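What follows is one structure encoded as structure tokens, with my remarks underneath.
The values are calculated or read from the model by the stated rules, or taken from the named source; none is laboratory data. Quantities reported herein were computed from a predicted structural model and do not represent experimental measurements. Glycine also receives a Cβ, built like all others from the backbone with ideal geometry; neighbour counts cover every protein chain displayed. Note: accessible area is taken over every heavy atom of the protein model, side chains too, but ligands, DNA and RNA are not part of it. Shrake-Rupley method; radii C 1.70, N 1.55, O 1.52, S 1.80 Å.
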Amino acid sequence: MSLRDPGRGDGEDVREDGAEFDAHASVREAGDGAELYTHASSEPGLLLESEFLAEAQEIVDAASRTLLALDEARSRGDASPLLLGDVFRAVHTLKGLAGLFRPGLLGTLAHEYEELLQDLRLGRTPLDGEAMDLLFRGIETFGVLLAAIEAGLPEPEPEVRALLAALARSRNALGRAKSDHDGAVKLESWALDPNILAVLTEYEEHRLRLAVASGQRLFRAEVRFALATLDDGIEQLKTRLIDLGEIVTYLPTGDGDDLLSIDLEILVVSRAPVDLLAAALEPLGARLEEVRRRDETLPPPAAPAEAAVLRDRDRDDAAETGETRASPGGDKHLAVVDEGREGRSAGDRNEQALERVPTVRVAIDRIDGLLDVVGELGLLPFAVARLESSLRQNPLTRREAGELSRLRRSLERHIGRIRSGILATRMVPLAQVVDRLTRAVRQIAREGEKQVTFVATGAETELDKLLVEELTEPLLHLVRNAVDHGIEAKATRERLQKPVVGTLALNAFQKGNQVVVELEDDGAGMHPEALVARAIGLGLISPEEGRTYGRNEAFSLVFLPGFTTRAEAGPLSGRGVGMDVVKTNIAALGGTVEVESEPDIGSKFTLTLPITLAVLQVLVVVADGTTFCLPLANLEEVFPLDVNAVRRSPLREMGREIQEVLPHRDAPLPLAPLGTLLFDAPEAGDARTPSLRERLRPGFVVVANFPGKRIGIVVDAVDGQQGIVVKALPAALRSARSVLAGATDLGDHRIGLVVDLGAVVDEFVREARPRLSPLAIEERL
Amino acid sequence: MTQLTVAPIEVALCTLSGSAGGEEELWAFRLDEAAEIVKPPTITRVPRVDPSIRGLFLLRGRLVTLIDLGARLGLRRLHPELPWLAPQRRAIVLAHVARRRDDPRLGAPRGHRREEQELLAIGVDAIVGVERVSRELRAVPPSGSELVRTSRGPAFLLGAAALAFPPRREEP
């Protein structure tokens, strides 16, 4: 029977229950290999917004990196105008984007931020620690704002308003404390044409003052370029002077007598000897002369040794856009010159672009779509293998079977390559997280008045894009903890004869199919005994339990919910929330976190993560006829269940009064059948249900280990270990998300339900307490 | 009651036995939502879901949620042991676009939303025809369905989106 639809009428789009339909499909009887072709419409507006957000985020990231470089340069006393210019241009672009796509707070913030940058560039306000703080705070706020827009949440208005106010305040305050260099130098005392001085932009004037104030010499050159090759000419000029000095300005003189060429007057500041400069400019046919002070006859003294050599490739084109200029001698070439400047800047960008491999930005959904297709492709070899074995039965077709087997193996290999190729496109370097951490360390250290150096190695290690995003929060938390709790105050460090400046080191590397991120501080470290005592004091564990804790178990106590080593919450951390969240988040990504510490030496957190989320390593098990996938990260071991060894335990174990346990490795292991855990609603089981032992069938025990919770999950069969591609559960099954993390096609026509083990174990522990305690009270009576 | 007549649509007509009163009722599914008809597949039971959801099956690598229509509409008692997808029965696969938040446990950034086409399947006894029907915009119980006139008599027209999300039911 064919149900093929001859002609669908359009315009019958009917909405029911407010839900939208968008499904087109051909309908055929199954089994004839009919392709399902469907397409979901995409709203162009949404697409543009996601593009905008991605681009804006990239700009903010780039600006953040540049700021970090600037901060570092500043601490060496060499605040390069180049870097400040880069940040300025980035924010300028962001402002433009915001104006186009997202009028409102983002644009306002970008504008005010740009204003501050402009003041810094022009030397109106000094680039000090305070200004740097504001700049970094701005980057954070841009991030928060963009994240809110992306998540469709209301814009964090109070936060942005607070920053806007701070920006305005600082510009007023800083503006009064006018920067040192300018003002002191009277440019009029140089033998410069006043007409030239009159047309310098504020930035050019600032650069000029700064240069002569630092003892650089001022040169004037005239050079003639053919109009047709003006761009190339200026490019050459810049290249020749790049290591020798800084071009302050180019001005058309308007003296040229022919219409095919243009005369430029160039102001250059430099520390180089005049003959070197002259030699560099000679091939261009430029005339060079030094501009001296009106009141001196000798060249100015040699530059002070401490002044840094400034190299600026005059890349402030974007900043000049829109500024009107008049040439001193007339304005007939004005338009041409401006075009020339723009042309050069475009040339610059091309040059930069050529150094890198061209890239495209791809929505992650598209890559996921491809992965799904590859998943289907992966099934083909199974079908071919079945065909092979039936061909092999017949002596006449045995040869073909061999041929087919060869083809199948080749197919498998290629599918594998496509798969890893697609997975590789999701990979990004860890560097983007490292940048955020560097900013965070800087800020936390400042607020907590600690001195910390953050060293990162292995930032180039690649991880799944989504993984990197999810990793940021946990790492930020660890870093915050390390600086706030780990690194001691200066006085303490001096007493312990440790370097005054603490060190926080991040090291990332790939290890097989996993990525390891280590975060190590040289701070106070932790005493295992103190941790145990604290946990007992907080009522998280009983004193009896405490006695059984070994060194490593003691360290893992910090991951218990509610654990804190501080009597009172500090301003930055120590509220007793967080480490458990770190652990849970990392576990949700299929990873683990371990801690090692030595009192007075420091602590080290080791995060081990799967290289991509797309492939999750699981143990495939069967329980109650359903196939489940248990993420390997929290599994300890698997062994056959000896039903006769199961005991009802009178021991208090994880808050439970009575339960079925299995003596295992000198500690009773609580048991729970997976089928019961998942399928029986919590209220279904009460103290009167038949004992576990009566319900247990021979099977296997899978030991799941979470901090403070270790349970044996009973399953009927174990099907081995496998790497799977996890698919999200359909929306219709969203209530199952409390215990399932997704589902997967196991490749043999079976669906594996991916269990959220952490949630299941938590529920087991939580549900056990209220249910069993009345009975316990009865027993005591 | 005001009646609005809207443009006719094409539907697949299906029968479903076991309804209240033992009569055979006629159900209609929009052809533009119907993706394909499949033979009874192997079902994977899913924990913690509405009892009307039978589970998941795979259709060329894609996950399909199988819904027991009778149970969903509360038309018959649930018999877990009932071979509700006997060999002669069929499942009609419907496609709808679901808008959902990604699960951060799968690595999605928090609050990340996406629209994705999802597949649902409804078990039916037989598909008895395809025809163009005119509609009167008048909702009838069970909720989410509307009544259409067909050559075989009145039929309930069901939309995929209404089926995808079980109504909140009172605890017995």
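Given the condition assigned to a helix (DSSP H, G or I) and modelled with pLDDT of 80 or more, answer yes or no: does some residue in region A:151-158 qualify?
Checking region A:151-158: at least one residue is assigned to a helix (DSSP H, G or I) and modelled with pLDDT of 80 or more.
A:GLN443 passes every criterion in (1) out of contact with any helix residue (DSSP H, G or I) (no Cβ under 8 Å at 6 or more places or on another chain); (2) touching a residue at least 60 places away in the same chain (Cβ under 8 Å); (3) under 23 Å from A:ARG137 (Cβ atoms); (4) open to solvent by 40 Å² or more (accessible area, probe 1.4 Å) apart from (1).
Residues checked against (1) surrounded by fewer than 23 Cβ atoms within 10 Å (Cβ to Cβ); (2) outside the structural domain of A:ALA587 (by TED's automatic domain parsing):
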position	(1), (2)
A:GLU460	yes, no
A:LEU467	no, no
A:ILE487	no, no
A:ARG493	yes, no
A:PRO499	yes, no
A:GLY537	yes, yes
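To keep it simple, each residue is scored yes or no on (1) surrounded by 21 or more Cβ atoms within 10 Å (Cβ to Cβ); (2) part of a helix (DSSP H, G or I); (3) within 41 Å of the chain's Cα centre (by Cα).
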{"position": "A:LEU197", "(1), (2), (3)": "no, yes, no"}
{"position": "A:THR229", "(1), (2), (3)": "no, yes, no"}
{"position": "A:ASP232", "(1), (2), (3)": "no, yes, yes"}
{"position": "A:ASP243", "(1), (2), (3)": "no, no, yes"}
{"position": "A:ILE262", "(1), (2), (3)": "yes, no, no"}
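Candidates are the residues of region A:723-752 that are in contact with a Gly (Cβ under 8 Å, 6 or more places away or on another chain) and in a strand (DSSP E or B); the one that is nearest to A:LEU619 (Cα to Cα) is A:ILE724. Within region A:125-167, the residues that satisfy the criterion of being under 16 Å from the mean Cα position of the chain (by Cα) and touching a residue at least 60 places away in the same chain (Cβ under 8 Å) are A:ILE139, A:GLU140, A:PHE142, A:GLY143, A:LEU146, A:GLU150. Scanning region A:107-148 for residues that are farther than 22 Å from A:ALA440 by Cα, among the hydrophobic types (A, V, I, L, M, F, W, C) and surrounded by 20 or more Cβ atoms within 10 Å (Cβ to Cβ) yields a single hit, A:LEU120.
Of the residues screened, A:ARG409 is not one that is closer than 17 Å to A:GLY723 by Cα and open to solvent by 100 Å² or more (accessible area, probe 1.4 Å).
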